[in-house]
Amino acid sequence: MESQGERGNGPPRRDGPRFALTYIGGCPLDRRTTLPMLPWLVAEIRRRGERGDCGPAVQPREVQLVLSPPLVRCVPASSGGSAAVFIFEHTAQRISRFVHNSNDLTYFAYLLRGQPDNPEADMSCHVFKAGDPNQVPEVISSIRQVSKSALKEDTKPKQEAEEAFYNSQKFEVLYCGKVTVGHKKAPSTLVDDCIDKFRQHEVERKRLRLLNGQRGSTDGAPVEFLMGAEGDPLRGAFPECILEDSGFEEPQEFRARCSSLAGSLQNKPGEGVLLNPARRRHASAPNHVQPSDADKNRTMLFQVGRFEVNLISPDSKTVVLEKNFKDISSCCQGIKQTDHLGFICRDQAESGPRQYVCYVFQCASESLVDEVMLTLKQAFSTAATLQSNKTPIQLCEACPMHDLHKLCERIEGLYPPRAKLAIQKYLSQLTDNEQAEIFERVQRLKPVSDQEENELVILHVRQLCETKQKSHLHIGEAPQVKASAAGDGAASSSRFKLDILKNKARTSLTSSLENIFARVGPTLRSWRGGSLFSVDSLLKTSAFIFHKSEFKICFPRVLSVDVLWVCRALDHRELLPLSPRHLDSSLDPLGRLPLPSTGDPPTGERPNKTAADYRALWKTAIRQQILLLRMEKENQRLEASRDELHIRKMKLNYQEVGQCSKDEQAFWERKLTAPGRTTVPQDKEEMYRALCQGVPKSRRGEVWLLLSHQHRLRHRLPQRHHAPDTAYHDLLKQLTAQQHAILVDLGRTFPTHQYFSAQLGAGQLSLYNLLKAYSLLDTEVGYCQGISFVAGVLLLHMSEEQAFDMLKFLMYDLGIRRQFRPDMVSLQVQMYQLSRLLHDYHRELYNHFEEHEICPSLYAAPWFLTLFASQFPLNFVSRIFDFVFAQGTEVIFKVALCLLSSHEGEIVECDSFESIVDFLKTTLPTLTQTQMEQTIAKVMEMDISKQLHTYEVEYHVLQDEMIEAGPLPDDSDRLDKLEKTNTQLKKQNMDLLEKLQVEEGENKTYIAMNFSIFITFRATS
């Protein structure tokens, strides 16, 4: 609704920048809305504006976004741009989040906080569309500048609790193991005792391996020991095989994560359990591994989130451990082993007095352990404060909105079919009526794709969670019901408790059935050598197999015929006997009730079944289970293949610079499949001509590998210049001291690319692995900021190991690592070479830079350090990498010179230092497709190798002359020399004055004599 602006209530504000946009719409939000929910809200608002089926229809309208510090006004375009009439206005400081759609870069949105003086006020979200994608960053940057300027005027800026609420700290740790303890408070020497026991077990297991011929037969036997005083026993359990444990339901699910990260299983709020008990492992699988097992990578990212501590595996890209703060009783640091720490928490898998477990970790240094302990202490205090009555936004682990937050961060970054499966698992926790209602509403809107269906489901789930949140009682909060509404409140509370009890009963039944069939497992394995099925896995398998053909939204209760037979047997108290032999056909093994005939309705008569009948039933069940397992494996294989194709498509989501013809594609296909391509030198000129014609982006990574092999065949590096020969996976098992710098830069590397945008998603974790491995390999360079962009481009075109090998090739074989050395001498030489190129080939541009005191390092240093990847489009950067692999770092100078020369006119028109720098950093990188192709064409024709060599020699000669000249004298010596010189000059000046006076006297005498002679001559004449 448009409002008339008030006048005369203060000094007139001067309007700032204006942006012509399309206002898509907005909606109020619950105060507990978090960042992972925003993309789904934006999709809901867009759908409402386009179709009007998600609520009241709102027609998009052309507007102008006016920035009038400290206000942001949305003004109708029809009003002529007058700020007096506006759709809405608010202060810039109320904007808490921006959302920039990675699929359609023209859309953006921002989240608006409630009124500062009303903590109970809801938030809101506004969605806009720009005509040009390049306009969106400018709008966002301008709004932030307005907010910063207003913040400077505020003498006491207030930090909002929800801003820091989801900011998490991440540390790299080495998972050492766990011990079961009898008390929640740990003795001071607990960590040291655990480490000693781990080492003793390691030595003992190595000895047993040697005795058994290294068969590893002792790995499967659990080893227990007692530690501490007699009254305080501790039972040790050595480090588990976290990464290869089959207990994880989704080991291959590449999930995106935000700061408060949920586990890969659908735990109920408040449950913090280790994920490996979720599925029973095969009896022959090792239950324990040792801390120094060379076959396992136990380095993890230890994340302190909102309400929980998460352990993230960079290898499997999953959360392998999640513990809520309320389950953690104490944290401790080692006394002797000061680089180790541990925490004690409840273990839901344990029963009896020993219900606490201590997890032990190792850090890179003692200072890092201190930082982790301090972070945990602050996180516990913050969580306690936020859950107190004084906190404006109350949340607990059981809040429906918190469940929705965890669901949204689970599916963030997943492509639609896999996100749909995660949503289905969440829906299975709802009541029957809630599931049916959501199913009916979604089907009524007739979604045409998985993505559209997911958006609609999330919409209705959000509405349901907001409704349940209003009547939700937080953990530890006493129910307060007013007398006037006691009946309604009691009924609502009773229904809510009933739903909780139903879910618990359903979980308890599934767990009981798991235990029943687990008892049958050893007998069946000895009988048929097969694998006993579990009801839970059977349900999930059947639902996964048939969900596409039967329903748009499939709930896990959609079963096959075999599973319906099992459920019917359970409903009629007909349970399979515990053994296929020695049967007593008259008794039910559990309930000891009469057994009805299979498939017949239950009656009061006892069935007449023989042992052969039961044996036939068991054979049929086993055959069907084997078939289901085969189908499940095939589904997993197809799903993994689909995941790989989707990720590859996501990585290569850019438009190629120049089209690669079919002939060139066939040429590269022959080269990439030719035998001996890595050992036999190929025709260099032929490959370069083909490279100039183009490279298919689907094979670009393989082409880079081929070019690197060919370069290594022609150029043999001296042994002292070779990269250390350490395997990639061995490097990943170590801890790096530069973890903080790497973790900070993960979010800054290609932040708008879908593969790297998700916080601690598959892309960021792969990038972390690559940067960490190189920092450990090259100790002299370690990690520098520019390396992350180079590594990111490589990861988009190949696997982690291949990218690591290519990073070594670029850094060592092509010598790029020299510019990352601490002295950065190589970068200084490159800046001098670029300056000399401008001086010799573009004198006017060079003089313009000199006039405004702009040196090449001011604008070109990021180009050389990141190979143009930090500022320029990915398709242009990928084409530059093609030529870098073929010709080396000379290509960087060619591209820089071509870019500057093609924009020489625009740069010369900039008449100030700020305008020139702004043009070079913001305008110049926004190249069109035509400009990219023209630049690459110029690069292919240019040859400046001789000039670069000459300039390099010239630079070193100048450096040698400066060194030979010696150091400059100090100030006292210079002052003495100046005083002596001044004295000498004064003396010379006095001598000259005396000589001048003598000369003037002689001149006067000479003039007087001439005058007298002239008078005498006139008198005589």
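The values are calculated or read from the model by the stated rules, or taken from the named source; none is laboratory data. In this text, all values refer to a predicted model and were calculated from it rather than measured experimentally. Note that we place each Cβ from the backbone using ideal geometry, even for glycine, and neighbour counts take in every protein chain shown. Side chains are part of the model used for accessible areas, which takes the heavy atoms of the whole protein and leaves out ligands, DNA and RNA. Shrake-Rupley method; radii C 1.70, N 1.55, O 1.52, S 1.80 Å.
Restricting attention to segment 438-450, the residues being surrounded by fewer than 20 Cβ atoms within 10 Å (Cβ to Cβ) and under 26 Å from R31 (Cα atoms) number 1. Each residue in segment 619-635 was checked for being under 20 Å from K420 (Cβ atoms), in contact (Cβ under 8 Å) with a residue 12 or more places away in the chain and open to solvent by 50 Å² or more (accessible area, probe 1.4 Å), and 1 pass.
Okay, residues lined up against (1) polar (S, T, N, Q); (2) open to solvent by 30 Å² or more (accessible area, probe 1.4 Å); (3) without any contact (Cβ under 8 Å) to a residue 12 or more places away in the chain:
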site: M831; (1), (2), (3): no, no, no
site: H839; (1), (2), (3): no, yes, yes
site: S878; (1), (2), (3): yes, no, no
site: F883; (1), (2), (3): no, no, no
site: E904; (1), (2), (3): no, yes, no
site: E909; (1), (2), (3): no, yes, yes
site: S915; (1), (2), (3): yes, yes, yes
site: D918; (1), (2), (3): no, yes, yes
site: Q929; (1), (2), (3): yes, yes, no
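Contact map, segment 450-475: residues that are part of a helix (DSSP H, G or I) paired with residues that are open to solvent by 50 Å² or more (accessible area, probe 1.4 Å), Cβ distance under 6 Å, separation 6+ or inter-chain. Pairs shown: E453/K552; H460/R441.
Does V825 fit the bill of being β-branched (V, I, T) and open to solvent by 30 Å² or more (accessible area, probe 1.4 Å)? Outline the logic, then answer.
Numbers: β-branched (V, I, T): yes; open to solvent by 30 Å² or more (accessible area, probe 1.4 Å): yes.
For V825, the condition - β-branched (V, I, T) and open to solvent by 30 Å² or more (accessible area, probe 1.4 Å) - is met.
Of the set (1) in contact with a Phe, Trp or Tyr (Cβ under 9 Å, 6 or more places away or on another chain); (2) under 30 Å from G763 (Cα atoms); (3) open to solvent by 40 Å² or more (accessible area, probe 1.4 Å); (4) of a type in the set (K, R), all apply to R818 but (1). All but one of (1) closer than 20 Å to S870 by Cβ; (2) open to solvent by 10 Å² or more (accessible area, probe 1.4 Å); (3) touching a Lys or Arg at 6+ places or on another chain (Cβ under 8 Å) hold for L777; state the number of the condition that does not hold. So the condition that L777 fails would be (1). Candidates in segment 179-198 are the residues that are among the charged types (D, E, K, R) and either in contact with a helix residue (DSSP H, G or I) (Cβ under 6 Å, 6 or more places away or on another chain) or modelled with pLDDT of 85 or more (or both); of these, the one that is most open to solvent (accessible area, probe 1.4 Å) is D196.
Among the criteria (1) of a type in the set (D, E, K, R); (2) surrounded by fewer than 18 Cβ atoms within 10 Å (Cβ to Cβ); (3) modelled with pLDDT of 80 or more; (4) within 26 Å of the chain's Cα centre (by Cα), the one E44 does not fulfil is (2). I892 meets each of the listed conditions (1) open to solvent by less than 10 Å² (accessible area, probe 1.4 Å); (2) outside any helix (DSSP H, G or I) apart from (2). One residue alone among L760, L717, L707 is hydrophobic (A, V, I, L, M, F, W, C) and at pLDDT 90 or above, and that residue is L707.
Return yes or no: is F868 of a type in the set (F, W, Y), touching a helix residue (DSSP H, G or I) at 6+ places or on another chain (Cβ under 6 Å) and not in a helix (DSSP H, G or I)? Give the steps one after another, and end with the answer.
Details: of a type in the set (F, W, Y): yes; touching a helix residue (DSSP H, G or I) at 6+ places or on another chain (Cβ under 6 Å): yes; not in a helix (DSSP H, G or I): yes.
Considered against the rule, which asks whether it is of a type in the set (F, W, Y), touching a helix residue (DSSP H, G or I) at 6+ places or on another chain (Cβ under 6 Å) and not in a helix (DSSP H, G or I), F868 comes out as yes.
From the list L735, L810, the one residue that fits, being closer than 20 Å to Q303 by Cα and modelled with pLDDT of 90 or more, is L735.
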